[in-house]
Amino acid sequence: MLQKLLADLQPYPAKLAAVSKTRPIEDIQALYAQGQRIFAENKVQELVPKYEALPKDIQWHFIGHLQSNKVKYIAPFVHMIESVDRLELLVEIEKQAAKYQRTIPCLLEFHIASEDSKYGLTLEHALDLLRTPTFAALRHVRIAGVMGMATFTSDEAQIRQEFHQLKHIFRTLKETFFQEDAGFCECSMGMSSDYQIALEEGSTIVRIGTLLFGSRS
Ligand SMILES: *Cc1c(COP(=O)(O)O)cnc(C)c1O
């Protein structure tokens, strides 16, 4: 499955994050042995032991709701935090990253789905956040782009419209705040069921679990 996915990604400038939440170490090792290096987890208590047990050249992405008091456990090693949805969290990431003399790349997570259970900013909230002096003072956080999840639906037109909206948000932020910043370049969108649409709409990171590892119990 990895080879097929990589072949699908090949025409696009997109990376694959293998979503390994709930999967045992051995499943991750098997994919690692095939060359996969980016893995994504959504729980701190699951990520930390996996980081400790697995090869250190894995790039771990955090993709779940992150409580501020847990940032300290992943700050020493996390490669990217994709799910930043509030200024308070950025301030805590700044504090912990500074302790380890690191700069942690972060994505701003946007609410693009019609379900209201999902986390994420609106464009208006993000504009407000990026204009605050608190944000301007951050030195150990680097905003590398945006992340979002489409509605869980079989309506392809709706999914496409939501990804289109996220790409529009990306372009707006790029023009308004990050024009000179080549590091603001990521649009993380697309999962097992909708990654093909996400690629067509300009995804740069697809986050795929089920297709690689089978369905989660
Ligand atoms: C679980 C998860 C994925 C992967 O979902 P699959 O349908 O298994 O590919 C992607 N993104 C986030 C934020 C997730 O929590």
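Given the structure, is Arg207 of a type in the set (D, E, K, R), at pLDDT below 95 and near the ligand (Cβ under 9 Å from one of its atoms)?
Here the answer is no, as Arg207 does not meet what is asked.
With Leu138, Leu123 as the choices, which residue is within 18 Å of the chain's Cα centre (by Cα), among the aliphatic types (A, V, I, L, M) and modelled with pLDDT of 95 or more?
Leu123
Report every pair of residues separated by at least 6 positions or lying on different chains whose Cβ atoms are under 6 Å apart, first residue within segment 1-21 and among the small types (Gly, Ala, Ser), second crowded, with 17+ Cβ neighbours inside 10 Å and part of a loop (DSSP other than H, G, I, E, B).
Here the result reads Ala14/Ser203; Ala14/Thr204; Ala18/Gln36, each pair linking segment 1-21 to a residue that is crowded, with 17+ Cβ neighbours inside 10 Å and part of a loop (DSSP other than H, G, I, E, B).
Which residue pairs have Cβ atoms under 7 Å apart, sit 6 or more places apart or on different chains, and have a first residue in segment 197-213 that is hydrophobic (A, V, I, L, M, F, W, C) and a second that is modelled with pLDDT under 95?
Note: pairs meeting the criteria are Leu211/Met1; Leu212/Met1.
State all residues of segment 104-134 that are open to solvent by 40 Å² or more (accessible area, probe 1.4 Å) and in contact (Cβ under 8 Å) with a residue 12 or more places away in the chain; if no residue qualifies, say none.
Answer for segment 104-134, where residues must be open to solvent by 40 Å² or more (accessible area, probe 1.4 Å) and in contact (Cβ under 8 Å) with a residue 12 or more places away in the chain: His111, Ser114, Glu115, Lys118, Tyr119, Thr122, Thr134.
Do we have Val71 as free of Cβ contacts under 8 Å to residues at least 40 places away in the same chain, within 24 Å of Gly190 (Cβ to Cβ), β-branched (Val, Ile, Thr) and open to solvent by less than 10 Å² (accessible area, probe 1.4 Å) here?
Spelling it out, it is not the case that Val71 is free of Cβ contacts under 8 Å to residues at least 40 places away in the same chain, within 24 Å of Gly190 (Cβ to Cβ), β-branched (Val, Ile, Thr) and open to solvent by less than 10 Å² (accessible area, probe 1.4 Å).
Kindly provide the set of residues from segment 13-37 that are touching a strand residue (DSSP E or B) at 6+ places or on another chain (Cβ under 7 Å) and surrounded by 18 or more Cβ atoms within 10 Å (Cβ to Cβ), ordered by number.
The answer is Ala14, Leu16, Ala17, Ala18, Val19, Ser20, Ile28, Leu31, Gln36.
Quickly run through segment 38-63 and pick out the residues that are within 11 Å of the ligand (Cβ to nearest atom), open to solvent by 10 Å² or more (accessible area, probe 1.4 Å) and either in contact with a Leu (Cβ under 7 Å, 6 or more places away or on another chain) or closer than 27 Å to Gln196 by Cβ (or both).
Asn42, Ile63
Which residue, of Phe184, Phe152, is of a type outside the set (D, E, K, R), assigned to a loop (DSSP other than H, G, I, E, B) and away from the ligand (no atom under 16 Å from the Cβ)?
Within the list Phe184, Phe152, the selection yields Phe184.
The values are calculated or read from the model by the stated rules, or taken from the named source; none is laboratory data. Computed from a predicted structure; not experimentally measured. FYI the Cβ positions are ideal-geometry reconstructions off the backbone, even for glycines, and counts take in every protein chain you see. With ligands, DNA and RNA removed, areas are computed over all heavy atoms of the protein, side chains included. Shrake-Rupley method; radii C 1.70, N 1.55, O 1.52, S 1.80 Å.
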